[in-house]
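A.B. asks: Pasting in a structure now, in structure tokens, and then I'll have a few things to ask.
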Amino acid sequence: MAVAITLFIVIFLSISLHFTEAQIGVCYGMIGDNLPSEKDVVSLYKSNGIGAMRLYSPDIAALQALQGSGIKLMLDVPIENLRSLAFNPSAARQWVRTNVVPFASSIKYIVVGNEVNPSHKFASSVLPTMQNVHNALISNNLRAIKVSTSVSTKIMMNTYPPSNGQFNYTSYITPIIKLINSNNSPLLVNIYTYFAYINNQHDINLNYALFTSPGTVVTDPNNGKNYQNLFDAMVDSIYAALAKVGAPNTAIVVSETGWPSAGGVAATVNNAGTYYRNLINHVKQGTPLKPGQALETYLFAMFDEDKKPGL
């Protein structure tokens, strides 16, 4: 993100939250200066009761530090590895043997590509890499580790009202959804109400984006579902899109979400704290379309990554 999010500073040092009650994880990016050691980061997660982590590449020191911690991991396959793993099953098997097998007790998900643009040169590698990595996991008797990809809401063509949710780039996303559905894996989605808000301030109220609206803001005319916050509306539009491609029971995991504390419109420490606090308290309730079905959610991010280029 081009704007700064420092979850540790905004949240952990200012308010007390119950992460374990809400299936909450936190993303751990490493593209920054003066970050704590991997062991210290794992200790930080444990001391704050954070039971899940997303790691954007298989950093061996971090993987080793996680062993025996009880923290479950969402591990990314870096985009630069996609082509080799897509067209060389033996390379996928080796990647799994090196980066997964020794650390399998900690790993819950393998993420093949993060917000890969369907028109990007690597897009055609996502599906075959997913299949090859899945096959490699099966050959190592690691069926419990689920393979998916992480998409942004740009994959959507229509989101309003939520029941009209429909995927764009169907030739890209539909085969991926068929694969994850057949393997009982979730679709991973990065959801940022912040960007939806700043890109459409005329129609989206800040309170709706921050979970602070006092009552219903949107009633879906197709099913009568009431929406008091934008996060639920965005998630339910994806559920609706999944149903339209024959996967109504595919789960969604929110693989990134957050609010900036500086660097943009409405990007303040107060707003960031409000967003994270309300989100954590909310996701265990599910959405209007899937009430009571808690959403596993990963907060972005533990640290500012000052060497990371803006998106």
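A.B. asks: Using Cα pairs under 8 angstrom and six or more residues apart, how large is the relative contact order of the chain, in percent?
C.D. replies: Numbers: 600 pairs, mean separation 79.5, N = 311.
Once divided by the residue count of the chain, the mean separation gives 26 percent.
A.B. asks: Say the dipole of the chain comes from +1 at the beta carbon of Lys and Arg and -1 at that of Asp and Glu; which of VAL96, GLY68, ALA209 then lies farthest toward its positive end?
C.D. replies: VAL96
A.B. asks: While we're here: Carbon-plus-sulfur fraction of the accessible area of the chain, 1.4 Å probe, in percent?
C.D. replies: Numbers: 6510 of 13130 Å².
Roughly 50 percent, rounded to a whole number.
A.B. asks: In nm, to one decimal, how far is the modelled label at ARG143 from the one at ASN200, with both set 7 Å along Cα→Cβ?
C.D. replies: In this crude label model, ARG143 to ASN200 measures out at 4.2 nm.
A.B. asks: With the other protein chains left in place, how much accessible area per residue, in square angstrom, belongs to segment 88-184 at a 1.4 angstrom probe?
C.D. replies: Working: 4380 Å² over 97 residues.
I get 45 Å² per residue for this part.
A.B. asks: For the pair HIS120/ASP40, report the inter-label distance in nm, with labels modelled 7 Å from Cα in the Cβ direction.
C.D. replies: 3.1 nm
A.B. asks: Provide the FRET efficiency to the nearest 0.05 for the GLN67-ASN88 pair, computing r from the beta carbons and using R0 = 45 Å.
C.D. replies: Details: r = 29 Å, r/R0 = 0.63.
Taking R0 as 45 Å, the efficiency between GLN67 and ASN88 is 0.95.
A.B. asks: Would you mind checking LYS72/LYS146; LYS72/LYS178; LYS146/LYS178; LYS154/LYS225; LYS178/LYS225; LYS39/LYS108 for any pair whose Cα atoms are more than 18 angstrom apart? Write out the running numbers ahead of the final one.
C.D. replies: Working: LYS72/LYS146 12 Å; LYS72/LYS178 25 Å; LYS146/LYS178 14 Å; LYS154/LYS225 23 Å; LYS178/LYS225 27 Å; LYS39/LYS108 20 Å.
Too far apart for the 18 Å limit: LYS72/LYS178; LYS154/LYS225; LYS178/LYS225; LYS39/LYS108.
A.B. asks: Given the options ILE71, ILE31, ILE280, state which has the largest fluctuation in a GNM of the chain using a 10 Å cut-off (strictly under) for Cα springs.
C.D. replies: So, out of ILE71, ILE31, ILE280, the one fluctuating most is ILE31.
A.B. asks: Of ALA272, ALA123, ALA61, which is the most mobile in a GNM of the chain whose springs link Cα atoms less than 10 angstrom apart?
C.D. replies: Per the Cα network of the chain with a 10 Å cutoff, ALA61 tops the list.
A.B. asks: Rounded to the nearest 500, what is the 222 nm mean residue ellipticity of the chain from helices alone, with -39500 (n - 2.57) per DSSP H run of 4+ residues and division by all residues? Intermediate results must be reported in sequence, preceding the final value.
C.D. replies: Working: 10 runs with 103 residues, N = 311.
That calculation yields -10000 deg cm²/dmol at 222 nm.
A.B. asks: Another question, then. Ignoring everything but the protein chains, give the 1.4 Å probe accessible area of PHE300 in square angstrom, nearest 10.
C.D. replies: Its heavy atoms expose roughly 20 Å² to the probe.
The values are calculated or read from the model by the stated rules, or taken from the named source; none is laboratory data. Every value quoted in this text rests on a predicted model; they were computed, and no experiment measured them. Glycine gets a Cβ as well: all are built from the backbone with ideal geometry, and neighbour counts include every protein chain shown. In case anyone asks, the SASA skips ligands and DNA or RNA and just uses the protein heavy atoms, side chains included. Shrake-Rupley method; radii C 1.70, N 1.55, O 1.52, S 1.80 Å.
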